[in-house]
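Engineer: Dropping a structure here in structure tokens format, bear with me for questions.
Any read-out appearing in this document is the output of simple, stated calculations on the displayed coordinates, not a laboratory observation. These numbers come from a predicted model, not from an experiment. Please note: Cβ atoms are built from the backbone with ideal geometry, for glycine as well, and neighbour counts cover all protein chains shown.
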Amino acid sequence: MLEVRGLNASYGDSQVLFGMDFAIGAGEVATLLGRNGMGKTTTIRALMGILRPDAGRIMFDGLGIHGLPSHKVAQAGIGLVPEGRQIFPNLSVRENLVATARPREGEGESWTFDKVIDLFPGLTPRLESAGNQLSGGEQQMLAVGRALMTNPKLLVLDEATEGLAPLVRQEIWSCLSDLKTAKQSILVIDKNVAALTRIADRHHIVEKGRVVWNGTSDELRADKALQERYLGV
């Protein structure tokens, strides 16, 4: 479904990505892992058209999307839950969800307002509350729901549970597990290796702007030295 090859990207004169390579299959849950500052979020920005790549290619569902503007990437079928959530603060929960609604193309059931609320029932009493009145956990649920309302072929979560309380984190992991069962393709960035190895099919460790290891959850879970070398603080 997604193939990233030889991706280079920079901020001005500072190059951050040095030949990023990874791929995600349809219905697969995959991760980008690594310490802060290694290029994970930059990869997402290049993928989403927020940052124009210097070189390389990004193929999504048979379409070359490298260099496309963000709205074209979204129209191609990639839904983003950005780092920091970035919901619309002056819109209500209901308006945040309805504003991004887009019917599913092709086979499969569409995500609707009612289905999103069923997935996150904690949002029900907050439907008329403004986005800036929500807790961090509620905002993250809303951000995931907003992305699902675009009926994405690929859901991308940048720092899925950063700054959230443990109970809210568990709700997000439970949500992702349910989405995996529904065959939703997902790319997720997070630091909780234990949770990710329970959910994800494949992992990609990023070090200094390139993928230095990829493998299954069983392989990552079993290699403590690898985790310490690339993921330990």
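Engineer: As a test of the definition: which semi-axes, in Å, follow for the range 152-227 when you take the square root of five times each eigenvalue of its alpha carbon gyration tensor? Largest first, please.
Structural biologist: Those come to 20, 15, 13 Å.
Engineer: About the Cα centre of the chain, how large is the charge dipole given +1 on each Lys and Arg Cβ and -1 on each Asp and Glu Cβ? Please answer in debye to the nearest 20.
Structural biologist: For the chain, the charge dipole is close to 300 debye.
Engineer: Compare LEU155, LEU47, LEU91 in a GNM of the chain, Cα atoms joined below 10 Å, and give the one with the largest fluctuation.
Structural biologist: The residue that fluctuates most here is LEU91.
Engineer: Can you classify the range 85-203 as rounded, prolate or oblate using the Cα gyration tensor, where a ≥ b ≥ c are the square roots of its eigenvalues, rounded means a/c under 1.5, and otherwise it's prolate if a/b beats b/c and oblate if not?
Structural biologist: Details: a/c = 1.90, a/b = 1.15, b/c = 1.65.
It is oblate, given that a/c is not under 1.5 and a/b is not larger than b/c.
Engineer: Please arrange TRP111, TRP213, TRP173 by how many other C-beta atoms lie within 10 Å of their C-beta, fewest to most.
Structural biologist: On the way: TRP111 24, TRP213 17, TRP173 20.
Ranking TRP111, TRP213, TRP173 by Cβ neighbours within 10 Å, fewest first, gives TRP213, TRP173, TRP111.
Engineer: At R0 = 25 Å, how high is the FRET efficiency between THR216 and LEU63 if r is their beta carbon distance? Nearest 0.05 is fine. Mind dumping the intermediate values first?
Structural biologist: Working: r = 28 Å, r/R0 = 1.12.
The value I calculate is 0.35.
Engineer: Now a separate question. Please give the Cα centre distance for the range 46-94 versus the range 148-206, rounded to the nearest Å.
Structural biologist: 17 Å
Engineer: Considering only the range 2-230, what is the antiparallel percent among its DSSP beta bridges, to the nearest 5?
Structural biologist: Within the range 2-230, antiparallel bridges account for around 55 percent of the total.
Engineer: Another question, if that's okay. Short version: ³J(HN,Hα) in whole Hz for each residue of the range 17-27, in order, from phi by Karplus 6.51 cos²θ - 1.76 cosθ + 1.60 (θ = phi - 60°), x for Gly and Pro, what are they?
Structural biologist: The phi angles translate into 9, 10, x, 5, 9, 6, 9, 10, x, 4, x Hz.
Engineer: Build a GNM of the chain with springs between Cα atoms under 10 Å: which of VAL188, VAL168, VAL81 gets the top mean-square fluctuation?
Structural biologist: Largest GNM mean-square fluctuation: VAL168.
Engineer: Suppose R0 equals 22 Å; then what is the FRET efficiency for ALA26 and ASP118 from their Cβ-Cβ distance, rounded to the nearest 0.05?
Structural biologist: 0.35
Engineer: Going down the table (LYS40/LYS224; LYS115/LYS224; LYS153/LYS224), which pairs top 31 Å between alpha carbons? Write out the running numbers ahead of the final one.
Structural biologist: Numbers: LYS40/LYS224 21 Å; LYS115/LYS224 39 Å; LYS153/LYS224 33 Å.
Those over the limit are LYS115/LYS224; LYS153/LYS224.
Engineer: Once Lys and Arg get +1 and Asp and Glu get -1 on their Cβ, which of PHE18, THR150, PRO125 lies farthest toward the positive end of the dipole of the chain?
Structural biologist: Among PHE18, THR150, PRO125, the one farthest towards the positive end of the dipole of the chain is PHE18.
Engineer: Determine, from the Cβ-Cβ distance of GLU109 and LEU167 and an R0 of 30 Å, the FRET efficiency 1/(1 + (r/R0)^6), rounded to the nearest 0.05.
Structural biologist: Working: r = 29 Å, r/R0 = 0.96.
Efficiency computed from Cβ-Cβ geometry: 0.55.
Engineer: In nm, to one decimal, how far is the modelled label at LYS191 from the one at ASP13, with both set 7 Å along Cα→Cβ?
Structural biologist: A separation of 3.1 nm, rounded to one decimal place.
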